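The values are calculated or read from the model by the stated rules, or taken from the named source; none is laboratory data. These numbers were taken from a predicted model, which means no experiment stands behind them. Neighbour counts run over all protein chains shown; Cβ positions are idealised from the backbone, glycine included. Ligands, DNA and RNA are excluded from the accessible area calculation, which covers all protein heavy atoms including side chains. Shrake-Rupley method; radii C 1.70, N 1.55, O 1.52, S 1.80 Å.
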Amino acid sequence: MKKRLAAAVATTLGAGALLLGAAAPASAATPSATTPDGKTVTIREFVSGMFALVQPVSAGDSAWTERRNFTEQLGKVTATSDGTRLESTMVGSAFYAHRACAQTAGGVTCTGYYSPFGRQ
């Protein structure tokens, strides 16, 4: 009985890992951009959501994502102190193309649009 339960759990975990791997292929390169003041802005995905990543950050820097054909600043966050990274709040869905944007002392910088499923 214990062996059957262990086999069922292992099968379930293996299937879950396979599905997560299929949803976020390791070979897909996400676009990034460099701000005029030398910071890196990248669009990232996690399972089925998207978020913006800015590295490094200064107090007052902001990060957000934008969905193609929409102007809302989704998941916008603002750094309250200097740090190594700033991640916007996760937004979905990864089925649509998003881009990462950041406002720093150098102005507003955005990446190209990206969708892990190739949707534009």
- Item | With DNA, RNA and ligands ignored, accessible area of Ser62 (1.4 Å probe; Å², nearest 10) | 10 Å²
- Query: How far is it, in nm, from the label point at Ser48 to the one at Val77 when both lie 7 Å from their Cα along the line to the Cβ?
  - Reply: 2.2 nm
- Kirkwood hydrodynamic radius (C-alpha pairs) into Stokes-Einstein, segment 44-120, 25 °C and 0.890 mPa s, D in µm²/s: 200 µm²/s
- Could I have the simple spin-label model distance between Asn69 and Ala105, label points 7 Å from Cα toward Cβ, reported in nm to one decimal? 4.0 nm
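Would you rank Arg67, Arg44, Arg85 by solvent-accessible area, highest first, keeping every protein chain in place and using a 1.4 Å probe?
So, going from the largest accessible area down, we get Arg85, Arg44, Arg67.
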- Query: Among Val41, Val47, Val108, what's the order by accessible area (1.4 angstrom probe), most exposed first?
  - Reply: Val108, Val47, Val41
- Query: If you average the sequence gap of Cα pairs under 8 Å that are 6 or more apart and divide by the length of segment 21-120, what percent do you get for the contact order?
  - Reply: 30 percent
- Task: Using DSSP to define loop residues, name the GluC sites (Glu not before Pro) in segment 45-120 whose beta-carbon has at most 16 other beta-carbon atoms within 10 Å.
- Result: Glu72
